[in-house]
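*Asks:* Structure provided below as structure tokens; questions to follow.
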Amino acid sequence: MLKIVNCDKIIRIQFEQELLNVFARYCADSFQDKTSIDVSMRGEKTYIFPCADKYEYLNLVNDKVRFMAEVVSKLGEYCHATGHRSSCKGAVKYTLAGFRDNPRRTLTGERQEEYPIRMVKCSDCKQRFSLLPSFLPREKHFHINIIANVFQNMLLFGQSIQGCLQNLKITGKGVNSKQTILNWLRWIGALHPATILTRAGVIGSGYLQEDEGFEKEPNLRTYSVVMVEPKTLLVWHADYVDHVDEDTLCSSFEAFISKVSFKILGITKDKWQASTNALKAVMKNVWIGYCHRHCLKKFQEALFEYQKEIKCSKAEVESLYKQFKNVLQTSTSKLVLEIKIGLLDNPSFKHPLLKKRIDELEANAVYYTAHMSRKGIAPTTSIVDNFLKTVKRKLRSVESFRDKPSTQALFRAMANTRNFVPFLSGAKNAYQSPFMMAEGQTFGLPWIQVMNIHNAFLFTEDAF
Ligand SMILES: [Zn+2]
């Protein structure tokens, strides 16, 4: 019996790996050929407005007066003015321009549904635009909530692609091709998280936690680079690089800050010198704080070695740890920290194993006390560490991607879902998404429709 279970598991892993290889090849091809990204002029000429209910939509679309008052007159509040003629002075006023020739057909699972789509005309440049309710995604033929469900299961709950496919089949959603799911993954991972958040009008606090995760792959060293805002838990940067030297990190950070409209004020990180240098080079006058947890862990490891060598009591070790922790956590400035180190009179701290840690603490006193002088700086990188753990788990189940564009798409997909999906009940921030905690506008819509309305699925560069 055990054998059969194992065998089944192996087949599943192999299957999953093969699927992801297909995804990798598929992404590599389509990223080389830029024109194949799902962009058509129709994307730019389609505006999304908040409406989650199909019956409400059908009423609205058949009532000209209400449609003008409740949709057209409010377009400016949630639509980016794309697709106008360059001579257009800006979308000041729209008039109704009938319906699209073909109604929009959408698969809801059991059947196909049809929705008439209203059009409007810009009174300045005379361009025509389609108006889509938020439950209809641009360019996709499935109901957006079905797609959302797949993302949640796959990117947050660790379900495999094969598992998602099986689920959809069981519930009769009519998704028969793994290619469909791979397309969806690439779709939600097309834009960088900062691009989407900026489009949605979110302005960060300027304080972030940064870390790189080493993702082990055979004969390959690859790293994830992530930045999370501790206050809102928003993932602002998610990248995948093959080196963590200063130059590579500089490019990654530069790409990130070109996408945000706020200044980066302070960052908590570990002691990796290359990333400290890169951050300082790219972000002018940024404050750097070193993570206390990393520091305590190193001291604990040193204590462990020390105890093995000296054979001192457990109580002695605990007391040393407590004193060290106290110095680290209660020092309000570089000077105070130096004084407190001077006051450590237990001779054990002179032992080379422990002295090395004390010296490190002293040498980086400015960084270890930065959170005291700048309120936004977090004392640890705990939030970015948590996110990296999720990423690592997912990548492990993926085994090996090998090519960069597809892994980057998967990465951005993970960041984007994390930002918009509300936490489950029982969690500390139950029913709140990071986007909601950052006071992003949701119009009371389900998370994927919130992304849709903020043009997370409009893949044109100048959609601002
Ligand atoms: Zn216009």
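Nothing in this text is a laboratory measurement; each read-out follows from the coordinates by a stated rule. Keep in mind the model is a prediction, meaning the values are calculated, not measured. As a convention, Cβ positions derive from the backbone with ideal geometry for all residues, glycine included, and neighbour counts pool all protein chains shown.
*Asks:* Along the Cα→Cβ direction, 7 angstrom out, place labels at Arg85 and Arg393. What is the inter-label distance in nm?
*Replies:* Simple spin-label model gives 5.5 nm for this pair.
*Asks:* Please report Asp63, Asp101, Asp385 as a ranked list, fewest other C-beta atoms within 10 angstrom at the top and most at the bottom.
*Replies:* On the way: Asp63 12, Asp101 7, Asp385 18.
The most exposed by this proxy come first: Asp101, Asp63, Asp385.
*Asks:* Say the cut-off is 31 Å between C-alpha atoms; which of Lys263/Lys392; Lys45/Lys284; Lys89/Lys404 go over it? All intermediate terms of the calculation are to be shown ahead of the outcome.
*Replies:* On the way: Lys263/Lys392 29 Å; Lys45/Lys284 39 Å; Lys89/Lys404 41 Å.
Lys45/Lys284; Lys89/Lys404, as the Cα separations exceed 31 Å there.
*Asks:* Further question: What number, rounded to the nearest 500 deg cm²/dmol, is the helix-based mean residue ellipticity at 222 nm of the chain, given -39500 (n - 2.57) per DSSP H run of at least four residues and division by all its residues? It would help to have the intermediate numbers written out before the result.
*Replies:* Numbers: 21 runs with 223 residues, N = 464.
The helix-only estimate for the chain comes to -14500 deg cm²/dmol at 222 nm.
*Asks:* Also, I was wondering about something else. Points 7 angstrom from Cα along the Cβ direction at Lys54 and Asp101: gap in nanometres?
*Replies:* 2.5 nm
*Asks:* Given Lys280/Lys334; Lys340/Lys428; Lys216/Lys322; Lys231/Lys308, which pairs have Cα atoms separated by over 29 Å? Intermediate values should be presented prior to the final figure.
*Replies:* Numbers: Lys280/Lys334 20 Å; Lys340/Lys428 36 Å; Lys216/Lys322 35 Å; Lys231/Lys308 41 Å.
Pairs exceeding 29 Å: Lys340/Lys428; Lys216/Lys322; Lys231/Lys308.
*Asks:* Also, I was wondering about something else. Cut-off is 10 Å between beta-carbons; in what order do Lys74, Lys178 appear when sorted fewest neighbours first?
*Replies:* Details: Lys74 12, Lys178 17.
The order, fewest Cβ neighbours first, is Lys74, Lys178.
*Asks:* Can you name the helices of the chain, as whole DSSP H runs, whose Cα span along the helix axis is 20 Å or more and whose Kyte-Doolittle mean is not below -0.5?
*Replies:* Flagged H segments are 2-32, 382-398.
*Asks:* Let me ask another. Mind sorting Val202, Val226 by how few other Cβ atoms lie within 10 Å of their own Cβ, fewest first?
*Replies:* Values: Val202 24, Val226 28.
Least to most surrounded, the residues fall as Val202, Val226.
*Asks:* Work out the length of the dipole vector of the stretch 106-203 about its Cα centre, built from +1 on the beta-carbon of each Lys and Arg and -1 on the beta-carbon of each Asp and Glu, and round it to the nearest 20 debye.
*Replies:* Charge dipole, the stretch 106-203, about its Cα centre: 200 debye, nearest 20.
*Asks:* Roughly how many Å is it from the Cα centre of the stretch 346-387 to that of the stretch 201-278, as a whole number?
*Replies:* Cα centroid to Cα centroid, the span is 20 Å.
*Asks:* With N set to the number of residues, divide the alpha-carbon radius of gyration of the stretch 292-373 by 2.2 N^0.38 Å and report two decimals. If you can, show how the numbers build up before the last one.
*Replies:* Values: Rg = 12.3 Å, N = 82, 2.2 N^0.38 = 11.7 Å.
Here the Cα radius of gyration is 1.05 times the empirical estimate.
*Asks:* Can you check what the net charge comes to around Tyr290, using other residues whose Cβ is under 9 Å from the Cβ of Tyr290 (Lys, Arg +1; Asp, Glu -1)?
*Replies:* On the way: positive: Lys269, Lys271; negative: Asp270.
Around Tyr290, the charge tally is +1.
*Asks:* Could you give the nm distance between label points at Lys350 and Ile170, where each point is 7 Å from its Cα heading toward the beta carbon?
*Replies:* Distance between the two pseudo-spin positions: 6.7 nm.
*Asks:* May I pose another question? Can you give me the relative contact order of the chain as a percent, contacts being Cα pairs under 8 Å and 6 or more apart? Don't skip to the answer; put the middle values down first.
*Replies:* Details: 702 pairs, mean separation 99.0, N = 464.
In percent, rounded to a whole number, it is 21.
*Asks:* With an 8 Å Cα cut-off and a minimum separation of 6 or more residues, compute the relative contact order for the stretch 339-464 in percent.
*Replies:* Details: 51 pairs, mean separation 13.0, N = 126.
Relative contact order of the stretch 339-464: 10 percent.
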